[in-house]
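The values are calculated or read from the model by the stated rules, or taken from the named source; none is laboratory data. Fair warning: this is a prediction, and the values are worked out from it, not measured in the lab. Cβ atoms come from the backbone with ideal geometry, glycine included; neighbour counts cover every protein chain shown.
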Amino acid sequence: MVLLHIALNATATATNTVRVSLPHEIQNQTLTLKKTIVEQQYAAGGTNPSIIYVEMGKWLSHYEVTSSEHVEYLPVSMDPGKDRTESDYHISFHAETIPKEFDIKLYSDAQRTPLELQSATDHKIQHISLLFEYSHNHQL
């Protein structure tokens, strides 16, 4: 098995869009989401959601996620009262070919309210790791 680690890191500029650059594209195959890690700069009285909606780009779409909230985004769990939340999953997706570069967008609700990452700022997400397992890397 091969690991795909997508790291979304905050910068000094607040944004809900992160450009992901991989060393190579990954051919279409089944990916299994194994773990997510969400880190925030928590302070009492903060207001982050308990679910982050992650728009993965065109490679994880076409009804791979169906929701009663009418969004096709990957829901990532977090505890808004903690600095760090680790969640284990075993969710398999048939992904399209993953390009070398793509954008990921983060939302705080199904209405597409932007959830901004920003470093060193209270109540902002500092980092999200998405860890996927897949069967083979065609580059080897």
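Condition test on His136, is it in contact (Cβ under 8 Å) with a residue 40 or more places away in the chain and touching a strand residue (DSSP E or B) at 6+ places or on another chain (Cβ under 6 Å)?
Taking the combined requirement at face value, the residue does not satisfy it.
Where the second residue is of a type in the set (Ser, Thr, Tyr) and the first is within 24 Å of Thr32 (Cα to Cα) and lies in the range 1-17, which pairs have Cβ atoms under 6 Å and are six or more apart or on separate chains?
Note: pairs meeting the criteria are Val2/Tyr134; Ala7/Ser129.
Quick one: how many residues across the range 12-29 are under 23 Å from Ala120 (Cα atoms) and either surrounded by 14 or more Cβ atoms within 10 Å (Cβ to Cβ) or among the aromatic types (Phe, Trp, Tyr) (or both)?
Summing the residues that are under 23 Å from Ala120 (Cα atoms) and either surrounded by 14 or more Cβ atoms within 10 Å (Cβ to Cβ) or among the aromatic types (Phe, Trp, Tyr) (or both) in the range 12-29 gives 4.
Taking the criterion of being modelled with pLDDT of 95 or more and either surrounded by 16 or more Cβ atoms within 10 Å (Cβ to Cβ) or farther than 28 Å from Val2 by Cα (or both), would at least one residue in the range 91-98 satisfy it?
no
Which residue is nearest to Leu131 (Cα to Cα), if the candidates are limited to the range 42-64 and must be in a loop (DSSP other than H, G, I, E, B) and either among the aromatic types (Phe, Trp, Tyr) or modelled with pLDDT of 90 or more (or both)?
Trp59
Tell me, yes or no, whether the range 65-84 has at least one residue that is farther than 22 Å from Ser50 by Cβ, aliphatic (A, V, I, L, M) and at pLDDT below 90.
No, the range 65-84 contains no residue that is farther than 22 Å from Ser50 by Cβ, aliphatic (A, V, I, L, M) and at pLDDT below 90.
Of the numbered conditions (1) surrounded by fewer than 16 Cβ atoms within 10 Å (Cβ to Cβ); (2) in a strand (DSSP E or B), Glu39 satisfies every one except a single condition; which is it?
(1)
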